[in-house]
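Asker: If you scroll down you'll find the structure; I have some questions about it.
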Amino acid sequence: MYTRKQQRRNASALMLVGKQVALFRKAAHLTQEQLAEHLGISLETVASIEQGRRALKLDYAERLDELLGTKGALVVAVQNMPEIDMIPAHAEQYLDMEREALALSFYENQVLPGLLQTPEYARAVYLCRVPAYSTDEVERLVARRISRQDILHRDNPTTISFIFTEVVLMERLGGSSVHAETLRHIRACADLPGISIQVMPLGTTGHAGHSGPFVLVETPEHQQLAYADGHGRSQILRSPDQISILSQKYAMLRTQALNLVETKHLLDRLLGEQ
């Protein structure tokens with residue numbers, strides 16, 4: 001856990017490295033758009049790094065030192081950064097992939113996928129954590145999670161598929177008012193362009209998702225990756241064999257879950273019961 005003093009130090013370190021990136025970029029007469037193109041990342045990612053909202057990763061620092069002629073200055077800065085926060089490196093890498101993905105496919109059987117959570121629902125999830133987070137940590141994590149949802153409302157929306165079990169809808173994390181608000185939020189998201197939401201109904205005699213949650217990711221380079229999360233074993237999967245198995249599972253789950261119209265009818269019914 002981090003004290004407020006440590007959190008301020010981490011934020012200052014991020015800001016300092018970000019300002020260095022911006023300074024070196026401008027000295028090389030490059031725009032943020034040009035730098036993003038050189039690195040093969042989004043403009044949003046470059047802006048976030050320069051504004052101190054996202055850590056500069058070592059591989060990007062190495063490429064920037066070579067591109068900008070900064071003689072290893074950024075690599076040294078990154079190597080001497082304090083540990084930024086509680087988010088593991090592989091989770092940070094997944095969040096970068098999520099922001100830039102062409103398509104995302106989520107399966108969840110424990111809680112709602114983060115991209116569908118309301119602030120109150122996310123707060124309730126983090127408050128269940130053992131050992132407990134501090135109040136400041138909970139609020140920081142909630143803000144981080146909700147900020148990810150910008151991708152649901154882009155002018156050119158990412159194609160996103162969600163499948164989760166009806167059990168997730170039945171649990172009343174945060175209480176009845178949070179539950180009702182969450183249902184309304186999911187129902188609204190079901191009508192967003194590029195978004196599909198399917199529920200695996202109660203009473204199903206069997207389905208392909210019993211081994212746990214995962215996310216399939218299609219990158220801007222059309223590479224297929226996956227992210228599996230749970231009990232300290234979170235990891236990014238790249239093996240073609242692993243991706244093939246999860247893709248097969250997801251295809252089967254889509255046939256076993258309620259279709260899009262049936263899912264909307266279920267949400268409407270649950271809302272009517274509030």
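What follows is calculated from the coordinates using simple rules that are stated; it is not laboratory data. Everything numeric in this text was worked out from a predicted model, so none of it was measured. Backbone-built Cβ (ideal geometry, glycine too); neighbour counts: all protein chains shown.
Asker: Given springs between every Cα pair under 10 Å in a Gaussian network model of the chain, which of 184, 54, 129 has the largest fluctuation?
Answerer: 129
Asker: Okay, next question. Run down the aspartates and glutamates and flag those whose C-alpha is under 20 Å from the C-alpha of residue 71, throwing out any fewer than 8 positions away in its chain.
Answerer: 50, 59, 62
Asker: How high is the relative contact order of segment 150-274, given as a whole-number percent (alpha carbon pairs under 8 Å, six or more residues apart)? Can you show the working numbers first?
Answerer: On the way: 130 pairs, mean separation 34.3, N = 125.
Across segment 150-274, relative contact order equals 27 percent.
Asker: Right, next: For residue 198, what residues show an amide H to amide H distance below 5 Å, using hydrogens built from the backbone and excluding near sequence neighbours?
Answerer: Under 5 Å from the amide H of residue 198: 162, 163, 164.
Asker: Now for a separate question. Give the angle, between 0 and 90 degrees and rounded to the nearest 10, that separates the Cα long axis of helix 4-27 from the longest principal axis of the Cα atoms of the chain.
Answerer: Result, in degrees: 60.
Asker: As a test of understanding, state the convex hull volume per residue of the chain from its alpha carbons, in Å³.
Answerer: Values: hull volume 37.1 nm³, N = 274.
In the chain, the Cα hull volume divided by residue count equals 135 Å³.
Asker: Sticking with this one: To test your reading of the geometry: what angle, between 0 and 90 degrees and rounded to tens, separates the Cα axis of helix 176-189 from the longest principal axis of the chain?
Answerer: Here the helix axis deviates by roughly 80 degrees.
Asker: Next question. Which value in nm describes the separation of the simple spin-label points at residue 57 and residue 262, placed 7 Å from the Cα toward the beta carbon?
Answerer: Going from the residue 57 label point to the residue 262 one covers 3.9 nm.
Asker: Right, next: Pick from 40, 174, 203: which is most flexible by mean-square fluctuation in a GNM of the chain where alpha carbon atoms under 10 Å apart are linked?
Answerer: 203
Asker: Report the gain in length on full extension from residue 42 to residue 242: 0.36 nm times residue separation, minus Cα-Cα distance, nm rounded to one decimal.
Answerer: Using 0.36 nm per residue and subtracting the Cα-Cα distance, I get 69.3 nm.
Asker: Give the lysines whose C-alpha is closer than 29 Å to that of residue 264, dropping any in the same chain fewer than 8 places away, or say none.
Answerer: Candidates past the 8-residue exclusion: 249.
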